[in-house]
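Please read the structure below before turning to the comments.
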Amino acid sequence: MENMIERILLAGAGVIALTKEKAEEIVDDLIKRGKVAKNDKEKFVKKFLKRGKDTKVEIEKIVEKSMTNVLNKLNIPTKTDIDALMKKIDNLAKKK
């Protein structure tokens, strides 16, 4: 499980770290190689940046789900569980 999470994070790291400048460099290279028309540069830069942002959101969801599964398997209480216990303790303390 830990290995899977590490691979997911590493795979997405490059996409997440994609800055506008780096996206422009990639598109400029594609233009030089004749793969993208010069007048389509801005469209492709936006497309790369959006894909990076979407990938980041997906990776965050996967990591969150994986961490929840790990915590559940280890039977570690969640913040919600602890908050519920604190509320019960407060209620019991008020009754005394």
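Residues in the range 47-96 that are of a type in the set (Val, Ile, Thr) and touching a helix residue (DSSP H, G or I) at 6+ places or on another chain (Cβ under 9 Å): how many?
Matching residues across the range 47-96 total 7.
Need the failing condition index for ALA17 against (1) loosely packed, with under 13 Cβ neighbours inside 10 Å; (2) at pLDDT 80 or above, just the number.
(2)
Looking only at the range 30-80, count how many residues are surrounded by 11 or more Cβ atoms within 10 Å (Cβ to Cβ), among the hydroxyl-bearing types (Ser, Thr, Tyr) and without any contact (Cβ under 8 Å) to a residue 12 or more places away in the chain.
Total satisfying the criteria: 2.
The values are calculated or read from the model by the stated rules, or taken from the named source; none is laboratory data. Bear in mind the structure is a predicted one, so any value in this text is a computation, not a measurement. Cβ: placed from backbone, ideal geometry, glycine included. Neighbour counts: every protein chain shown.
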